[in-house]
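To keep things clear, I will list the structure first and then write my remarks on it.
Any read-out appearing in this document is the output of simple, stated calculations on the displayed coordinates, not a laboratory observation. A quick note: this is a predicted structure, and the numbers were derived from the prediction, not measured. All Cβ positions, even for glycine, are placed from backbone atoms using ideal geometry, and neighbour counts span all protein chains on display.
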């Protein structure tokens, strides 16, 4: 059986990004993102354009005391990594658990679009 090392690398980038998210380590988290990356709400609502906007968005999120993303499954296919996660967040109405699908498009060793 032959192993596609590029594919393994893409999943590794997303694993590092998720680990940094759970550790609330903004430096390690941002190391996974391209300078011109974009984050969308499905299917086409732009939430953040560029590394600085993504950083600003997550600096605030990382202040949430219950923030945690549990990986349920991961699929890695041709430059895309698709995660199913259960994410715990804090909102004004209280602690909420969300079932989330994250679709990450990679370019080289960075997340280009999510």
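Okay, here's what the table says:
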quantity: Listed values [x] 14; [y] 7; [z] 40, entry calculated as percent of Cα pairs over 26 Å apart; calculated: [x]
quantity: Taking the chain and dividing mean pair separation by its residue count, relative contact order in percent (alpha carbons under 8 Å, at least six apart); calculated: 25
quantity: Estimated FRET transfer efficiency when R0 is 22 angstrom, pair residue 67-residue 99 (beta carbons, to 0.05); calculated: 0.90
quantity: Sites residue 109 and residue 24 - FRET efficiency at Förster radius 22 Å, r taken between beta-carbons, to 0.05; calculated: 0.45
quantity: The stretch 61-103 versus the stretch 9-34: alpha-carbon centroid distance in Å; calculated: 13
